[in-house]
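Down below is the structure, laid out as structure tokens.
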Amino acid sequence: MHRHMAPGISRRHFFAAASATALPLFAAAPAPAAPVSIAHCPDYGAALAPTLKTMFDQLGGLGRLVAGKTVGIKINLTGSPRQRLGNTPAELAQYTHPAVVGSVVRLMGQAGARRIRILEGCFACDDPMEEFLLEVGWDPSPLLNAATSVDMENTNTLGKGRKYARFKTPNGGHIFPSIMMNHSYEEVDVLVSLAKLKEHATCGVTLSMKNMFGATPLTIYGDHAAKDDADEATARGGRGTIMHAGARQPAAIAEPERDPKSPRADKYRMPRIVADIAAARPIHLAIIDGISTMTGGEGPWNGGRLRAVNPGILIAGTNAVCTDAVGTAVMGFDPMADRGTPPFERCDSSLKLAEMHGVGTRDLSRIEVVGVPIKDAVFKFRV
Amino acid sequence: MSLSSSIPFEWPASWRSPDLLKLLDDGPINTLLLPEGTPPEIRAAAEGRKLECPAQIQWSSLKEVNWKGNAPVVAINDGVWPDLSLKTQSNTADGVQGGPTGAPWLDANGWLLQLARCRAGGRPVWIKAPPPEKPDAFSFSTYLLAACEAAAYGARRPIWLPPLLAEGLAKSNAAALKDWRRLMEVQRWLESHKSWASWPVLARLAIVSDFSGANEYNSGEVLNLSARRNLAFLPVEKAKLAAADLAGKRAVLYADGDAMPPSMVPLVQKFVEAGGLLLCMKAPAAAIRNTRPSHEQHPRYTLLECGKGRVAVSKADWDDQFVVAQDTHLLMSRRYDAIRLFNAGSITCYQTRSADGGRWLAHLLNYAGRMPAHQVSLQTWESIRSAKAFMPEKAEPVALEIHREPGQQEVYLPSFSVYCAVELELTHHA
């Protein structure tokens, strides 16, 4: 079993090692592999927490990963809190379900996590995350009380920090040599990406790695970001101008793209940026909520055939690429597929690009799947 | 007949024949606003049909209304035509649309009507707007929405016909007659629900100002931008603030930069000490006694504690009313929003309650023009026993199924064109 960061290695040592290894473009050695757990879970009721606990045990136990540590959980709240797929509440389509968030927080607390911080760049705003959740119609109190010492931070801005954190991208990055993030991503010892099982308009799939795209601060990478230093008053709008379209460079506090003459097409850029983020700020635990979700895109704003569906699946793993590869397979796609083949008909594969960074393998033959076999978990997203 | 029960119609200047009065037969219109130069035989024929033809109404802009005057109606002529300012996303070549959008701007009169009713001292409020530059660019639904919008806020909008429609009616054009009948049906439907106009606003926020002079722009824009984010508020003139205005409120936004009038200070002091939140600029904050620094930090406000409540003192004079409305909402907390809407980006929501508090009424107005409102969900944390949707296109209200989840309840609204009033019967009320 290979692990991206062995439990017990400190965050400081891990980042120092990651920076020092600056592999030539790109890694010649095989990318690491790690087990991935799959479980059936029909709904967000009583079976959820025991199912998650079993999955974490199958991966070696949460205690080994979080005991005595500060944990950051990046959840997925993409898009407007007031926009739904039909009448389907966001948590049953495009958002990570709060019951999953609450269960994970509770289990982390029981496993000895010292402090847990729930993180997200809340859509187009600098509102406190608690207020954002209220706008979705969720009460944040149960999440804040699911363990001792839980807080939340909207990472579109500096938030409670004094400065942004810089994460160097191994190999100089596909697009960005480094990525700036809210201080929380540097302060936490363990980073969890708690994602949704979905397709994506510009990345083919949005799983644990694409989830991290929302960690980029709007004050630096947002449509209204200042040209020079990060301006805290600019946390609004989306990330279309700088990230999707590459129409300008981020605020100068961040390093510019390594090649401003590279293609500007979003379906070229976005998978590469996702891979850069996954390599720059590694995910220690990837969890994918596929109990209730949607097909056809990442949110109700996507055109085409969108459906709310109930695959009844949870996926978790300690390597984000491996976990996303299994997630892609569970969706009925081939994780080894390249541009031109579903789900990457129009875009490059962020799985392949992250694998090139040495983050992890997408080769299912090298990934140990525990729990439910992939063949018994497949829920075809294209029918 | 009092003008409070008038259903006024602006007689088109191009209509020169009294025969056209037949269009009004058996309809709800009971008042004609005749333009200068109307042939006298039209007035005579109208009066013969028992239609009121009041002397010239004193129309003025909101800024120029004589609030202390004794005109029988407060008539405001600088409203807007309700409309959606479209900001569409660009589509990519492969037809895939990516990226969520923000809420569009709406040209709406709700805030202005709330303010006018606050200041009108019980007199009826009428509103109109200059004729649109391109009347035919609007869909007919815009004219229906204009009528519904005014009625939802307890005001009146005299019926105005776009020139093409007026011309078509004069020629008995079938399509024009169909539109006319629809307009009359909507007016009749609104008239059948006129009692809603007396329902008080359901709001946890009072916005207090003199709404005039140097304070007019700031306070008006705060109302406008609060309404756009569906932050329910009660506008109150500061000289008239009474304890009853603060009953059930969570916050008071004192929008003026000058000191509070002496009559207001003890009311606000008591309100804050009992747990309320006061938001204000520096000068008025000086009147609040027994404050102490709060451990809370805010980039734009100095937060103070006072009794069980808080005072949020702006560090700078307010010059961005969007931010003022946003900060007010967040400092008060969305926890106190009575109603949340989903898939309602082009919809405003004006919330009222019955006098006994047992029913809530959410007036939903759809500014999307030709596009009906689809798949709108309404959520509340209040326990509700039943829910009904009233729409002009339905003679009878539609009973709504209540979807109950722990801590929240939702109703899914049927598609509606321009207006839907949702009545919620509460399970428990004082």
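Every read-out reported here was derived from the displayed coordinates using simple, explicitly stated rules and does not represent laboratory data. Predicted, not measured: the structure shown is a model, and the values here were computed from it. Cβ coordinates were reconstructed from backbone atoms using ideal geometry, including for glycine residues, and neighbour counts include every protein chain displayed.
Some observations on this one:
- By other beta-carbon atoms within 10 Å, ranking B:S195, B:S333, A:S292 with the fewest at the front produces B:S195, B:S333, A:S292.
- Eligible aspartates and glutamates near B:K134 by straight Cα distance, threshold 15 Å, same-chain separation 8 or greater: B:D83
- Inter-chain shielding of A:77-85 (mean C-beta neighbours from other protein chains, 10 Å cut-off): 4
- For segment B:340-426, the extents of the C-alpha atoms along the principal axes are 35, 27, 20 Å, listed from largest to smallest.
- Equivalent ellipsoid dimensions for the protein assembly as shown as semi-axes, Å, which come from the Cα gyration tensor, largest first: 54, 30, 24
- Distance cut-off 35 Å, percentage of C-alpha pairs in chain A lying past it: 15
- Within straight-line cross-link reach of A:K160, aspartates and glutamates at Cα separation under 16 Å, skipping those fewer than 8 residues along the same chain: A:E120, A:D126, A:D127, A:E130, A:E131, A:D151, A:E186, A:E187, A:D231, A:E232, B:E296
- For the protein assembly as shown, share of DSSP beta bridges that run antiparallel, in % to the nearest 5: 60
- Count of Lys pairs (Cα-Cα under 21 Å; at least 8 positions apart or interchain) in segment B:205-336: 11
- Within the shell of other residues whose beta carbon sits under 13 angstrom from the beta carbon of B:K282, the net charge comes to -1, with Lys and Arg scored +1 and Asp and Glu -1.
- A crude spin-label estimate for the pair B:Q297 and B:R49, with each label 7 Å from Cα along the Cβ direction, gives 7.1 nm.
- Computed from Cα atoms, the angle from the helix B:110-119 axis to the main principal axis of chain B rounds to 80 degrees.
- Cα-only Debye scattering, segment A:24-73: base-10 log of I(q)/I(0) at q = 0.21 Å⁻¹: -0.88
- Exposure proxy for B:L364, B:L330: other Cβ atoms within 10 Å of each Cβ, ordered fewest to most, give B:L330, B:L364.
- Cα gyration tensor shape of segment B:205-336, rounded if a/c is under 1.5, else prolate or oblate by comparing a/b with b/c: rounded
- Contact order for segment B:340-426, expressed relative to its length and based on alpha carbon pairs under 8 Å spaced 6+ residues apart, stands at 36 percent.
- Residue-averaged 222 nm ellipticity for the protein assembly as shown, from DSSP H runs of 4+ at -39500 (n - 2.57), nearest 500: -7000 deg cm²/dmol
- The phi-based Karplus calculation (6.51 cos²θ - 1.76 cosθ + 1.60; θ = phi - 60°) puts the 3J(HN,Hα) values of segment A:369-379 at 9, 10, x, 6, x, 3, 4, 8, 10, 4, 10 Hz, whole numbers, x for Gly and Pro.
- Springs join every pair of Cα atoms under 10 Å in this Gaussian network model of chain B, and among B:H403, B:H374, B:H363 the largest mean-square fluctuation is at B:H403.
- Global geometry of segment A:90-158, whether rounded, prolate or oblate, following the gyration tensor of its Cα atoms and the 1.5 cut on a/c: oblate
- Ordered by the number of other Cβ atoms lying within 10 Å of each residue's own Cβ, fewest first, B:E273, A:E153 fall into the sequence B:E273, A:E153.
- Beta bridges by DSSP in chain B, antiparallel share as percent, to the nearest 5: 65
- Residues of segment B:52-72 with amide N under 19 Å of the 7 Å Cα→Cβ point at B:A239: B:62-71
- Peptide B:375-386 has a mean of 2 when you count, residue by residue, the C-beta atoms of other protein chains within 10 Å of its C-beta.
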